[in-house]
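Peer 1: I am attaching a structure below and will ask some questions about it afterwards.
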Amino acid sequence: FQEPKPIKVMFQDEARFGRISDSVYCWAKRPHRPMAQAMLTHQYVYAYAATCPADGGMDSLVLPHVNGACMQLFLNEVAKRHAQNNIIMVVDGAGWHRTTFDLPPNLRLHFLPPYSPELNPQELIWHELREKWFHNRVFDSLDALEEQLVWALQALEHDPDRVRSI
């Protein structure tokens, strides 16, 4: 790092959200049987997020693809949001993470060992998002899905205690 600043360790990952419903069991009073719609439409958006387990901070972006260009946008955004810190960004071994990035001066990448998603706390955030905001939901359009995803990510970004507890 060029300047001495407080170090912030963040764990980054991407997740695909699409118009494929995920039906799960739910509670209902007897004798009623709940109905859950299902859909199978191959339209997706991708959420990029980085979490700091120490303070519960989370930064996220919804982007159309997973590739080096979108990852560069995300890295630049996180570095800008945390300009007062030097950031160590822990990432997995996805192919686009090995792209040669133009890293901001306050950000460095650190790679997890191969085949070890259990070491990345961001994976737990994806489980929470899918369970609380996406189960038994059908979206009329990709825009509706994206709106729900943005709302859910913002809710978590503004609730560091919840993020830390996850």
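Peer 1: Could you list all residues from the range 1-32 that are at pLDDT 70 or above and basic (Lys, Arg)?
Peer 2: Residues satisfying the conditions are LYS5, LYS8, ARG16, LYS29, ARG30.
Peer 1: Same structure, new question: Take the residues of the range 40-52 that are modelled with pLDDT under 95 and out of contact with any Lys or Arg (no Cβ under 6 Å at 6 or more places or on another chain): which is nearest to VAL163 (Cα to Cα)?
Peer 2: VAL45
Peer 1: If you don't mind, there's one more thing I want to ask. Could you list, in sequence order, the residues of the range 136-154 that are open to solvent by 40 Å² or more (accessible area, probe 1.4 Å) and within 17 Å of the chain's Cα centre (by Cα)?
Peer 2: GLU146, GLU147, VAL150, TRP151, GLN154
Peer 1: Also: Taking the conditions exactly as written (under 17 Å from the mean Cα position of the chain (by Cα), open to solvent by 20 Å² or more (accessible area, probe 1.4 Å), small (Gly, Ala, Ser) and at pLDDT 95 or above), does ALA79 satisfy them or not?
Peer 2: It is false that ALA79 is under 17 Å from the mean Cα position of the chain (by Cα), open to solvent by 20 Å² or more (accessible area, probe 1.4 Å), small (Gly, Ala, Ser) and at pLDDT 95 or above.
Peer 1: Report, by residue number, each residue of the range 119-137 that is on the phi < 0 side of the Ramachandran plot, modelled with pLDDT under 90 and in a loop (DSSP other than H, G, I, E, B).
Peer 2: HIS135, ARG137 - these are the residues of the range 119-137 that are on the phi < 0 side of the Ramachandran plot, modelled with pLDDT under 90 and in a loop (DSSP other than H, G, I, E, B).
The values are calculated or read from the model by the stated rules, or taken from the named source; none is laboratory data. Everything quoted here is computed from the prediction, not taken from an experiment. Quick reminder, even Gly has a Cβ in these numbers, built from the backbone with ideal geometry, and neighbours come from all protein chains shown. When the accessible area is computed, the model is the full protein with side chains, heavy atoms only, and any ligands, DNA or RNA have been set aside. Shrake-Rupley method; radii C 1.70, N 1.55, O 1.52, S 1.80 Å.
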